[in-house]
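The values are calculated or read from the model by the stated rules, or taken from the named source; none is laboratory data. Values in this document were obtained by computation on a predicted structure and should not be read as measured data. No Cβ is skipped: glycine too gets one built from the backbone with ideal geometry, and neighbour counts run over all protein chains shown.
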Amino acid sequence: MTKLVYSTEELMAEHEYARPQVEAGYRLHGGFDGEGRYVSPRTLIRWPAVRAWQAALTARGWPLIDATVKLLERGNYPSFEQQRRLLDWGIGRTLWNALTITGVIEARGKRLVEFQAPDFQAVIEEPLAETATGHLAKGLLVAHGLDEGGNPTTGQGGHDVMWFALRDILFGKNAYPDPVVPESIARPELGRLMPALPQAVEQTMLLLMNVLMIEVRAESFFSFCQRVMREPTLFRDRRAEASRAAELVERIRTDEAIHVAYLQTTISEMRSFTFRGQDGRRIQGQDLIDRIWTGMVHWHAVTTYQHGRDQTRAAIQAALGASAEGQRRFAEFDALEERRAA
């Protein structure tokens with residue numbers, strides 16, 4: 001019989017590593033097996049658990065929601081060809097800034113360690129003991145937070161430090177000043193969207209949807225970074241370092257897969273549940289979630305993309321300067337923009 005109930009200790013369990021992960025002087029989480037393959041932290045049982053919950057959900061006739069880059073309407077900005085041209089012109093700051101901002105935002109994910117998930121069983125009719133939803137407060141959120149922001153108890157850096165490490169490997173330390181980091185990349189509060197539910201339940205559900213879309217956007221960025229770093233015509237005087245940086249991106253990508261999987265599973269489960277409204281009404285989860293999820297996808301895929309694109313484009317125009325040569329280069333840069341699906 002498939003195991004569906006897990007303890008916090010099980011969900012936080014680590015593999016036995018043959019050697020730790022250390023890069024650019026940073027002690028990082030996870031490690032390597034005896035054959036030199038990278039192994040993500042806290043996935044010894046977490047991965048089998050998520051797969052078991054997914055199988056149980058689909059066996060009940062409920063599909064997993066789409067959580068792939070197909071949800072995005074655009075690729076990265078600047079595009080690969082635009083970024084290549086910037087690097088050819090000696091302008092690396094755009095990429096440096098993107099890597100730095102990603103690391104800072106990853107560090108904020110550590111807030112999930114202290115986040116107190118509400119008692120979903122109080123508002124959901126179906127038993128939750130054998131679901132991902134029922135395990136949010138039993139280690140899933142804590143493990144996610146530690147993956148992103150590191151573990152000060154053990155001195156291991158998470159994705160925040162991994163992004164800084166690969167940035168330093170790629171460009172060298174202190175290559176550019178630190179950029180201004182946005183206060184948040186989550187969709188802002190729009191008032192009560194699920195007024196029939198307790199506010200803490202609604203806010204948690206919105207948080208999970210926001211974080212899942214942030215992870216989807218991150219997957220597109222991972223692919224972009226690796227393509228740039230592995231391009232043999234770029235970083236010609238630092239090819240070994242660029243390849244090393246791309247390898248670190250791949251490790252982060254490997255780590256993030258479990259985040260996408262458990263969030264995708266949890267939100268998909270919630271679509272299948274019956275909620276009890278504060279007024280006593282029974283509400284189908286898909287009626288609560290589908291409309292809001294559609295809006296969440298649009299905000300992350302279109303609204304915030306356009307805002308970030310406009311800010312980055314203005315910064316690049318300023319960097320190229322107002323001279324005739326700068327204007328010529330900016331026109332060339334603009335002409336390379338990819339206006340296609342991700």
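Candidates Gln306, Gln286: the one that is under 23 Å from Pro182 (Cβ atoms), out of contact with any strand residue (DSSP E or B) (no Cβ under 7 Å at 6 or more places or on another chain) and polar (S, T, N, Q) is Gln306. So how many residues does segment 291-307 have that are closer than 17 Å to Met205 by Cα and either over 19 Å from the mean Cα position of the chain (by Cα) or of a type in the set (A, V, I, L, M, F, W, C) (or both)? Selection size over segment 291-307: 6. Annotation: Asp255 fulfils all but one of (1) in contact with a Pro (Cβ under 9 Å, 6 or more places away or on another chain); (2) surrounded by fewer than 20 Cβ atoms within 10 Å (Cβ to Cβ); (3) within 30 Å of Met12 (Cα to Cα); (4) not basic (Lys, Arg); the unmet one is (2).
Cβ separations smaller than 8 Å between residues 6+ apart or across chains give no pair from segment 113-128 residues that are on the phi > 0 side of the Ramachandran plot and surrounded by 12 or more Cβ atoms within 10 Å (Cβ to Cβ) to residues that are of a type in the set (A, V, I, L, M, F, W, C) and at pLDDT 95 or above. Reported count of residues in segment 1-22, each being out of contact with any Gly (no Cβ under 9 Å at 6 or more places or on another chain) and under 23 Å from Gly103 (Cβ atoms), is 1. If I filter segment 72-111 down to residues being aliphatic (A, V, I, L, M) and under 17 Å from the mean Cα position of the chain (by Cα), which single residue comes out as surrounded by the fewest Cβ atoms within 10 Å (Cβ to Cβ)? Once the filter is applied, the top-ranked residue is Val104.
None of His300, His307 is buried (at least 21 other Cβ atoms within 10 Å of the Cβ) and at pLDDT below 95 except His300. For segment 269-290, taking the residues that are touching a residue at least 12 places away in the same chain (Cβ under 8 Å), outside any strand (DSSP E or B) and more than 25 Å from the chain's Cα centre (by Cα), the one that is nearest to Leu71 (Cα to Cα) is identified as Phe273.
Can you work out which of the residues in segment 142-153 that are touching a strand residue (DSSP E or B) at 6+ places or on another chain (Cβ under 8 Å) and either aliphatic (A, V, I, L, M) or not in a strand (DSSP E or B) (or both) is modelled with the lowest pLDDT?
Gly150
Residues in segment 112-141 that are among the hydrophobic types (A, V, I, L, M, F, W, C), more than 19 Å from the chain's Cα centre (by Cα) and part of a helix (DSSP H, G or I): Phe120, Ala122, Ala137.
Within segment 164-184, the presence of at least one residue that is surrounded by 19 or more Cβ atoms within 10 Å (Cβ to Cβ) and touching a Ser or Thr at 6+ places or on another chain (Cβ under 8 Å) is confirmed. Within segment 27-51, work out how many residues are in contact (Cβ under 8 Å) with a residue 40 or more places away in the chain and within 15 Å of Asp147 (Cα to Cα). Number satisfying all stated conditions: 11. Note on segment 44-92: residues that are in contact with a Phe, Trp or Tyr (Cβ under 8 Å, 6 or more places away or on another chain), modelled with pLDDT of 95 or more, assigned to a loop (DSSP other than H, G, I, E, B) and among the basic types (Lys, Arg) amount to 0.
Conditions (1) under 18 Å from the mean Cα position of the chain (by Cα); (2) among the hydrophobic types (A, V, I, L, M, F, W, C), marked per residue:
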{"residue": "Asp160", "(1), (2)": "yes, no"}
{"residue": "Arg167", "(1), (2)": "yes, no"}
{"residue": "Val180", "(1), (2)": "no, yes"}
{"residue": "Val249", "(1), (2)": "yes, yes"}
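All conditions in (1) at pLDDT 95 or above; (2) farther than 19 Å from Glu215 by Cβ hold for Pro41, with the sole exception of (2). The residues of segment 23-38 that are at pLDDT 95 or above and in a strand (DSSP E or B), listed by number, are Leu28, His29, Gly30, Gly31, Phe32, Tyr38. Kindly indicate whether any position in segment 13-20 is of a type outside the set (A, V, I, L, M, F, W, C), surrounded by 20 or more Cβ atoms within 10 Å (Cβ to Cβ) and in a loop (DSSP other than H, G, I, E, B). Looking for residues that are of a type outside the set (A, V, I, L, M, F, W, C), surrounded by 20 or more Cβ atoms within 10 Å (Cβ to Cβ) and in a loop (DSSP other than H, G, I, E, B), one finds none in segment 13-20, hence no.
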